[in-house]
């Protein structure tokens, strides 16, 4: 019954979002119920022909009884679950593989296959055939031939809005998993908002998953940073805003809207649900390069029932890295640090402060720590200085750069500009 439900959910989701029919990689043979095989075959044929796929077009293309009839087809919409599409897909594929393994072993015994033949069959089943993978270097070397004789045309990553940080990272790079870590109230969410605003203002597609803050709270923060408004005054702009601030309000909202930030504030999401939501947004905006932001890693819900928190975070971290590769875009994730940093005389974070966080350090392409001196020394004169320490950079140098940070507005500035609004 569970597998039948999963198959119905996949079909219902594909009826709702037609692009999944061809993009999902599903095959007719993965479905165990004959009527579902017939429905999927009809859906795929219609999609390949560039036609709309709904229960009417399916009924027209097949004998109604072969696809369960009109009521059965129209009822599939009730089972649609975009957030769990990937989970259900893996479920039915694994079931299909188990059945195929049993069939292969039966054939192997009946026909007295060699061990090598059995291994090849199992490799084919798992999609590991070497002939399907181009391992030759020749074509790549041909493309390299003119490199010493042509100026470098470097494709920059998504700009961060901080000159020194862009110099080190060359922007946030596609397929990279970037972790930005710091203690609570260090400025992580404001840094995320800065990066999202700058990416959107430069024509990219920022997709923000705010698992902790509501959409209203995030929107207020984004408005304050965009308009350089004091967040205390933002509680009641009518009462506390100056006439100049009120006159700039409409332009600020317009500027924020032009960034076209997509904000999902559902709490307790799994990586599979984040992936499903991101895929839908990316598919709806095919001309823009996406960048995904998540606030924050430790409150993402794990898949299944991991043995402990370390295993859970390790699984989540690995899944986030896979998502960056799948979408070929940067995935920027905020992370909390352990309390160990508070016990040291030098409070600047180090890699071991991630030690209770599974394999974050191993998976991440970039690990950046945020640090403010006045966070720990209340008697010190506020400097508005925010250190961003690149502690790990898989494809480039490590470094420590500075930005200016206004805690009142939540806005980050290039250090070279040396200007902070109050």
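The values are calculated or read from the model by the stated rules, or taken from the named source; none is laboratory data. Here the structure is a predicted model, which is why all the values come from computation and not from measurement. As a convention, Cβ positions derive from the backbone with ideal geometry for all residues, glycine included, and neighbour counts pool all protein chains shown.
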For this session: Go through the residues of segment 304-314 one by one and say whether even a single one is touching a residue at least 60 places away in the same chain (Cβ under 8 Å) and in the same structural domain as residue 228 (by TED's automatic domain parsing).
Result: no
Seminar exercise, completed: Per the list (1) out of contact with any strand residue (DSSP E or B) (no Cβ under 9 Å at 6 or more places or on another chain); (2) in a loop (DSSP other than H, G, I, E, B), residue check on residue 260 breaks on (1)
Exercise. Residue 299 is checked against (1) over 17 Å from residue 177 (Cβ atoms); (2) in contact with a helix residue (DSSP H, G or I) (Cβ under 7 Å, 6 or more places away or on another chain); (3) touching a residue at least 24 places away in the same chain (Cβ under 8 Å) and fails just one. What number does that condition carry?
Worked result: (2)
Exercise. Does residue 56 fit the bill of being without any contact (Cβ under 8 Å) to a residue 24 or more places away in the chain, assigned to a helix (DSSP H, G or I) and not assigned by TED's automatic domain parsing to the domain that holds residue 281?
Worked result: yes
Problem set entry | Residue within segment 335-348 that is surrounded by 21 or more Cβ atoms within 10 Å (Cβ to Cβ), modelled with pLDDT under 90, within 15 Å of the chain's Cα centre (by Cα) and not in a loop (DSSP other than H, G, I, E, B) present | no
Problem set entry | Single residue of segment 395-406 satisfying the filter (over 16 Å from residue 181 (Cβ atoms) and out of contact with any helix residue (DSSP H, G or I) (no Cβ under 8 Å at 6 or more places or on another chain)) that is surrounded by the fewest Cβ atoms within 10 Å (Cβ to Cβ) | 395
For this session: Please report, ordered by residue number, the helices (runs of 4 or more DSSP H) entirely within segment 87-198 with at least 2 residues that are modelled with pLDDT of 80 or more and within 26 Å of residue 349 (Cα to Cα).
Result: 163-169
Exercise. With (1) touching a helix residue (DSSP H, G or I) at 6+ places or on another chain (Cβ under 9 Å); (2) surrounded by 13 or more Cβ atoms within 10 Å (Cβ to Cβ); (3) in a helix (DSSP H, G or I) as the list, and residue 29 as the residue in question, which single condition is left unmet?
Worked result: (2)
